[in-house]
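The values are calculated or read from the model by the stated rules, or taken from the named source; none is laboratory data. Predicted model, so just to flag it, every value in this text is computed and none were measured. Here the Cβ is made from the backbone with ideal geometry for all residues, glycine too, and neighbour counts use every protein chain on show.
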Amino acid sequence: MALRTQHATLARRASRLRLAARTVAISMKTGSFRSLYRAQGIDFAGVREYLAGDDVRSIDWNVTARLDKPFVKLYEEERELAVFLVIDCSRSMFTCGHRQTAFEAAALLALAAEQTHGAVGALLFDGEVKSALLPKPGQAMTILSRLDDEAAVPEERPAGTALGTAIRGAAKLLKKRSLVFVISDFRAALWEKPLQVLALKHDVAAIRITAPLDAELPPVGLLPLVDPETGERRLLPISRPAFRRAWQEDHRRHLEAWQESCTTGGAVPMGINTAEDPAERLRVLLGKR
């Protein structure tokens, strides 16, 4: 119950989050994905016969060759950019503040999309796909309310994480080119191929949520650890320098492997640590050119 009460403030904090989301929205439009916003001005609508004075660069040569007369491409304005959030709510996200950081980042991105007058949607998952909202304008508060509903304690959730299934679901749901943010700790298997397929038709950013303890352990004796997915309990000898070095090296290897899987799959890898301010971190990440 304490977790539910703690996180129920997301929707109530919407006004303050909107202020922080302004800088995120500006970075989204001027940084890494600026070309996507510029490219969304027109959408292919069909063809018509060539008329005197038409720009020859607009001729559809395939149709012209097939019908043996010149045709030009027609376009219509595409007024909105769709932003879609794939949000991990699995048990592992309830450790070391991962969930709070992930949900706040998702809220900021939803509100930023609203401020750019675009459509926004979301897919939430844990051990299974929980709910999906197709992108449409003015839906940010609905997404924040769904995130509030997902603040149940981890014991009430199915074990495991359906990351790969959720990414495949996003690819099936989205009909128009969208800007997709996958927000997770990526503690899962078999997500690489679905991410690659999703990135073939959409602009994808993979946001990995980490915590300081993921990378480095303090030398304080034995540390009791519980696997949130399986319930398995272990005592870790973190006072041993060799163990801490092995922990650090394992984290580094997994991080590098994740980054390589994202980039080779066509997605942009981004990292947010629970010790960081999600708004500031998103502003920096999205503002890079």
Is there any pair with a first residue in the stretch 243-258 that is in the same structural domain as W191 (by TED's automatic domain parsing) and closer than 18 Å to S184 by Cα and a second that is buried (at least 16 other Cβ atoms within 10 Å of the Cβ) and modelled with pLDDT under 95 whose Cβ atoms are under 8 Å apart and which are 6 or more apart or on different chains, and what are they?
H251/D214
Counting residues that are of a type in the set (K, R), which helices (runs of 4 or more DSSP H) fully inside the stretch 177-280 reach at least 2?
192-201, 241-264
Positions within the stretch 213-237 being in contact with a helix residue (DSSP H, G or I) (Cβ under 8 Å, 6 or more places away or on another chain), modelled with pLDDT under 90 and within 19 Å of T274 (Cβ to Cβ), in sequence order:
L217, P228, E229
Out of curiosity, is I59 surrounded by fewer than 17 Cβ atoms within 10 Å (Cβ to Cβ), modelled with pLDDT of 80 or more, more than 30 Å from T161 (Cα to Cα) and of a type in the set (A, V, I, L, M)?
yes
The residue from P194, P135, P158, P212 that alone is farther than 28 Å from T263 by Cα and either in the same structural domain as T263 (by TED's automatic domain parsing) or crowded, with 20+ Cβ neighbours inside 10 Å (or both) is P158
Test: I87 is buried (at least 16 other Cβ atoms within 10 Å of the Cβ), assigned to a strand (DSSP E or B) and either modelled with pLDDT of 75 or more or not assigned by TED's automatic domain parsing to the domain that holds V120 (or both)
yes
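Is it the case that the stretch 80-97 has a residue that's touching a residue at least 12 places away in the same chain (Cβ under 8 Å), touching a Cys at 6+ places or on another chain (Cβ under 8 Å) and closer than 24 Å to I272 by Cα?
Going residue by residue through the stretch 80-97, those that are touching a residue at least 12 places away in the same chain (Cβ under 8 Å) are 80-97.
After this cut, where a residue has to be touching a Cys at 6+ places or on another chain (Cβ under 8 Å) as well, the list is none.
Within the stretch 80-97 (the criterion being touching a residue at least 12 places away in the same chain (Cβ under 8 Å), touching a Cys at 6+ places or on another chain (Cβ under 8 Å) and closer than 24 Å to I272 by Cα), the answer is no, since none of the residues qualifies.
Name the residue that is surrounded by the most Cβ atoms within 10 Å (Cβ to Cβ), counting only residues in the stretch 90-129 that are of a type in the set (D, E, K, R) and part of a loop (DSSP other than H, G, I, E, B). Break it down into steps so the answer makes sense when it comes.
Going through the stretch 90-129, the residues of a type in the set (D, E, K, R) turn out to be 91, 99, 104, 114, 126, 128.
Then keep just the ones that are part of a loop (DSSP other than H, G, I, E, B); that gives 126, 128.
On the way: D126: 25, E128: 13.
Top of the filtered list is D126.
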